[in-house]
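Each remark here refers to the structure printed beneath this line.
The values are calculated or read from the model by the stated rules, or taken from the named source; none is laboratory data. Here the structure is a predicted model, which is why all the values come from computation and not from measurement. Please note: Cβ atoms are built from the backbone with ideal geometry, for glycine as well, and neighbour counts cover all protein chains shown. Each accessible area value is taken on the protein alone, full model and side chains, heavy atoms only, with ligands, DNA and RNA left out. Shrake-Rupley method; radii C 1.70, N 1.55, O 1.52, S 1.80 Å.
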Amino acid sequence: MSLDETRLVSDRQAALDYHEFPRPGKLEIRATKPMATGRDLSRAYSPGVAEACLEIAATPADARRYTSKGNLVAVISNGTAVLGLGNIGAQASKPVMEGKAVLFKKFAGVDCFDIEVNEPDPERLADLICRLEPTFGAINLEDIKAPDCFTVERICRERMGIPVFHDDQHGTAIVAAAAATNALRIAGKCIEDIRIVALGAGAAGIACLRMLMAMGAPREHILMLDSKGVVHAGRNDLTPEKREFAQDTALRTIEEALDGADLFLGVSGPGLLTGEMVARMADTPIVFALANPTPEIMPEEARCAAPDALIATGRSDYPNQVNNVLCFPFIFRGALDVGATQINEAMKLACVEAIAGLARVPASAELGAAYQGERLAFGPDYLIPKPFDPRLLPTVAVAVARAAMESGVATRPLDLDAYRRGLEGQVYRSALVMRPVFEAARGTARRIVFAEGEDPRVLRAVQAMIEETGARPILIGRPEVVETRIEREALPLRPGTDFELVNPESDARFRDYWGSYFDLMRRKGVSPDLAKATLRTNTTAIAAVMVHRGEAESLICGTVGQYLWHLRYLREVLARDGLHPAGALSLVILDKGPLFVADTHVHTEPTGAQLAETMIAAARHVRRFGLIPKLALCSGSQFGNLDSRSGRVAREALAILDEVVPGFEYEGEMHTDAALDPDLRERLFPGGRLTGKANVLVYTSTDAAGAARNLLKSVGDGLEVGPILMGMGNRAHIVTPSVTVRGLLNMAALAAMPVSSYG
Ligand SMILES: NC(=O)C1=CN([C@@H]2O[C@H](COP(=O)(O)OP(=O)(O)OC[C@H]3O[C@@H](n4cnc5c(N)ncnc54)[C@H](OP(=O)(O)O)[C@@H]3O)[C@@H](O)[C@H]2O)C=CC1
Ligand SMILES: CC(=O)C(=O)O
Ligand SMILES: [Mg+2]
């Protein structure tokens, strides 16, 4: 067996194993309500369930209120045109329908039942689907062959009061139209002028061409082919949909049709296009070979025939995946959320514009991380966003919701700004919690210096920071390295315009910087030579000196190296005029909400006074997130039961706070479970002054706080914002080497907050 054959066999087996193990299929159903007690049982089922039934019987629209209907879509197929595999039957289509259901859920939080029906007759199939309306909020028809799909969709749309959307028609048409819009821009051609050849006159082919016409393509510039060749006026075997595109032409074959064509649209079957055919097309031909799983032509062959071709396929293993997955999760999300009664032309066109537009703006931080090593800059290999682009959900769903509202099909109009924020909160878990911080940071124009300016994560974060805050970045790094990495990451950043660059090897200000450092450190054993050496080799020291000299308002360092190493230089330069490190606070965002942990890094084994200071600082910081601080002092000792170091310092801190009366809730010392479980705490220590669950856990050593933070991140799947360095007047923050681009962006937003709101 050749290497390629071996790889094929192993890929095939891997795909089968994926479906079979650890349990068959790709889906399960989960309950969303507790079912642990007899009381739960009597509410979920008889007798309590009757109350919900009666409400719905009286007001049918309340089905959305008391059942999952409002977020439930049926993915329905009869298996007559499954991918490009043909009529393989309903049962064999189930993996595709389960797959669609998974994508609905993962990309847009939409719940789905996949329904495979043994019903080849379109009218009977439509009748069956219409009778499912009580169960679902919307219907996604899938892989039903043409022309039956047109009949099924028409009947369902006429009879049902919920959106019915045949994805192979409209989802494909939307995504292909978005990609065509961008490809034409790059090729410098206008849709009104180009010649289009479509191979495939089925569900996808007809809908794609109708969409291109809605965007301005003249019908007489389009040639359509089916399995019998060119669809021309002399044929008497045409369905009404094909007849719509029949031309009065002498051309009969695909070769003849492609002579001088600008756009090939393949939605037919595998391997039907050859390199010779592509070579007959116009300059900069657009070749969309969208048949799944094997396209009409493999990209390598098309590229070989026309090196400047703009090529797309339906597959994820090549650039430009033109696949309806870029559309269906998001168009249904928007339609369901505004209670749309249908998905109309305005909603589809809004979707085209939203998807096409996303490819033309710089990729987000998360996307860069998800597709590392790929160039995500608008161009021949990036005509269309990637399916994992987190911007798709908020951008497309909001565009669809707006179009539904404006075109009068929304029964539950929304505040679209709030809607967008909610969706952003779903994709960027930190977005909701961080919103008050980003809002305070906007327009402050604070200058933030990044000590490790050559790190690609920093470059991506800086790009996002320019877009999302008013802050002005300064990078410390060698210009040639920074520029090469900007180019490699395909970022539109321009040194000098978008950010200031400080070259640690030769900056005109070097003399001033080491001089400042020497002045600060001369009585702490630092000689001029040592000051020069430090400022030549240590970018954290340079950043700190810049903040000290007023050339920047805040700094961020720590993407490499140890926390305490960085802290040493920040202390030396910036801990003056009453500022000193008061602890490090980590915010960990969990599914159940945010939880803060302190002190994770600064005081290895704090005294009682240091702990009390950390707690006061932590409470102040928590308020900046719009939250009410509730602090628990956590220890192995519980309400005075151990004479350990930890118990003693916790009690000392408590006594200090009692004297200060700091104006927030605190209690201690206690085990972590008592901090988080008010009932347990009440049993152990009735009448304590902490109410409810603590949201700030303060530990008596960085060992314990660090362990709690790491467990929340790794086992609790928490997303960290921080560590936030407290006590330094928001003049410096030290991240940790595991920081992500989003993590750096969050820290940049914190650093950009004005000192007034920083408190
Ligand atoms: N990338 C994407 O997002 C999507 C891709 N697709 C792909 O598009 C293809 C078609 O899907 P769909 O429209 O749903 O299926 P249909 O069954 O509705 O249509 C198939 C069309 O292809 C034509 N065809 C079949 N064989 C040939 C051939 N040898 N030469 C010329 N035309 C041929 C058929 O011709 P005839 O009318 O004479 O039978 C028919 O018009 C599939 O491969 C599917 O995977 C579909 C949806 C989305
Ligand atoms: C992607 C899709 O829906 C198809 O190929 O049928
Ligand atoms: Mg399909």
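Return the distance in nm (one decimal) between the two label points of a simple spin-label model at H580 and R683, each offset 7 Å from Cα along Cα→Cβ.
4.3
Over the stretch 509-559, with a single point scatterer placed on each C-alpha, what log10 of the ratio I(q)/I(0) does the Debye formula yield at q = 0.29 1/Å?
Calculated log10 I(q)/I(0) at the listed q: -1.13.
Along the Cα-to-Cβ line of S227, 7 Å from the Cα, sits a label point; which residues in the stretch 122-142 have backbone N less than 18 Å from it?
122, by backbone N distance to the label point.
Using alpha carbons only, how many angstrom separate the centre of the stretch 26-96 from the centre of the stretch 268-317?
So the separation of the two Cα centres works out to 41 Å.
Once both labels are modelled 7 Å past Cα along the beta-carbon direction, what's the L8-R478 spacing in nm?
Roughly 4.8 nm, to one decimal.
Taking every DSSP beta bridge that has both residues in the chain, what percent is antiparallel when rounded to the nearest 5?
Values: 17 of 73 bridges.
Percent antiparallel among DSSP bridges in the chain is about 25.
Can you list the trypsin sites (Lys or Arg not before Pro) in the stretch 638-741 that are in a DSSP coil and have 15 or fewer other beta carbons within 10 angstrom?
In loop regions of the stretch 638-741 (DSSP not H, G, I, E or B), the sparsely surrounded trypsin sites (Lys or Arg not before Pro) are R689, K693.
Considering the options I476, P95, G640, tell which one lies farthest towards the positive end of the dipole of the chain, charges being +1 on Lys and Arg and -1 on Asp and Glu at the Cβ, about the Cα centre.
In the chain, that residue is G640.
Would you mind classifying the stretch 327-426 by shape? Square roots of the alpha carbon gyration tensor eigenvalues, ordered a ≥ b ≥ c; an a/c under 1.5 is rounded, otherwise it is prolate if a/b is larger than b/c and oblate if not.
Numbers: a/c = 2.86, a/b = 1.87, b/c = 1.53.
It comes out prolate by the Cα gyration axes.
In square angstrom, what is the accessible area per residue of the stretch 129-251 with a 1.4 angstrom probe?
Per residue, the stretch 129-251 has an accessible area of 35 Å².
Assuming R0 = 60 Å, can you tell me the calculated FRET efficiency for the pair A214 and I628, based on Cβ-Cβ distance, to the nearest 0.05?
Efficiency computed from Cβ-Cβ geometry: 0.70.
Assuming 0.36 nm per residue, please report the length gained on full extension of the stretch R243 to A279 beyond their Cα-Cα distance.
That works out to 10.1 nm of additional length.
How much net charge surrounds D679 when only other residues with a Cβ under 15 Å from its Cβ are counted (Lys, Arg +1; Asp, Glu -1)?
On the way: positive: R681, R683, K693; negative: E667, D673, D677, E682.
Here the count lands on -1.
Would you mind getting me the FRET efficiency between A61 and L416? Use the beta-carbon distance for r and R0 = 30 Å, nearest 0.05.
Plugging the Cβ-Cβ distance into 1/(1 + (r/R0)^6) gives 0.85.
Please quote Rg/Rh for the stretch 430-546 to two decimal places, taking the Kirkwood radius as Rh and restricting both calculations to Cα atoms.
Answer for the stretch 430-546: 1.05.
With an 8 Å cut-off on Cα pairs and a minimum separation of 6 or more residues, tell me the relative contact order of the stretch 583-727 in percent.
Values: 291 pairs, mean separation 57.8, N = 145.
Relative contact order of the stretch 583-727: 40 percent.
Give me the dipole magnitude in Debye, nearest 20, for the stretch 170-318 about the Cα centre, with unit charges on the beta carbon: positive for Lys and Arg, negative for Asp and Glu.
Dipole magnitude for the stretch 170-318 comes out near 340 debye.
Quote the relative contact order of the chain in percent (integer), defining contacts as alpha-carbon pairs under 8 Å separated by 6+ residues. Show your work: numbers first, answer last.
Working: 1458 pairs, mean separation 67.2, N = 759.
It rounds to 9 percent for the chain.
What ratio of Cα Rg to 2.2 N^0.38 Å holds for the stretch 653-759?
Values: Rg = 16.4 Å, N = 107, 2.2 N^0.38 = 13.0 Å.
Dividing the Cα radius of gyration by 2.2 N^0.38 Å gives 1.26.
Taking 7 Å along the Cα-to-C-beta vector as the label spot, tell me the V560-D381 distance in nanometres, rounded to one decimal.
2.7
If you stretched the chain out fully between S644 and E300, how much longer would it get, using 0.36 nm times the residue separation minus the C-alpha to C-alpha distance?
On the way: separation 344, 0.36 × 344 = 123.84 nm, distance 6.97 nm.
Using 0.36 nm per residue and subtracting the Cα-Cα distance, I get 116.9 nm.
Expressed in nm to one decimal, what extension gain is obtained for the pair E406 and A31 from 0.36 nm per residue of sequence separation less their Cα-Cα distance? Show your work: numbers first, answer last.
Numbers: separation 375, 0.36 × 375 = 135.00 nm, distance 3.59 nm.
Gain in length upon complete extension: 131.4 nm.
Find the relative contact order for the stretch 662-759 and round it to a whole percent, using C-alpha pairs within less than 8 Å whose residues are 6+ positions apart.
Relative contact order here is 17 percent.
What lysines sit close enough to K524 to cross-link, taking a C-alpha to C-alpha distance under 25 Å and skipping anything fewer than 8 places away on the same chain?
Candidates past the 8-residue exclusion: K532.
Can you tell me the Rg and Dmax of the stretch 170-318, counting just the alpha carbons, in angstroms?
13.8, 41
First select every other residue whose beta carbon is under 14 angstrom from the beta carbon of D658; then total the charges, Lys and Arg +1, Asp and Glu -1.
Working: positive: R651, R689; negative: E652, E659, E665, E667, E669.
Surrounding charge for D658 is -3.
Could you name the lysines in cross-link range of K145, using Cα to Cα under 22 Å and dropping any fewer than eight places away on the same chain?
Hits, sequence-local ones excluded: K94, K100, K228, K242, K348.
Given a Förster radius of 30 Å and the C-beta distance between A44 and T341 as r, what FRET efficiency does 1/(1 + (r/R0)^6) yield to the nearest 0.05? Don't skip to the answer; put the middle values down first.
Numbers: r = 31 Å, r/R0 = 1.02.
That gives a FRET efficiency of 0.45.
If I take the Cα coordinates of the chain and project them onto the principal axes, what are the three extents in Å, biggest first?
97, 75, 57
Share of antiparallel DSSP beta bridges in the stretch 67-161, in percent to the nearest 5?
Antiparallel bridges: around 10 percent, rounded to the nearest 5.
Among G357, F264, T559, whose Cα projects farthest towards the positive end of the dipole of the chain, with charges put on the beta-carbon of Lys, Arg (+1) and Asp, Glu (-1)?
Of the options given, the answer is T559.
Taking a ≥ b ≥ c as the square roots of the Cα gyration tensor eigenvalues, with a/c under 1.5 meaning rounded and otherwise prolate when a/b beats b/c, else oblate, which class fits the stretch 583-727?
rounded
Looking only at the stretch 7-152, where both bridge partners belong to it, what percent of the DSSP beta bridges are antiparallel (to the nearest 5)?
10
Evaluate the stretch 67-161: find the radius of gyration of its Cα atoms, find its Kirkwood radius, and give the ratio Rg to Rh.
0.95
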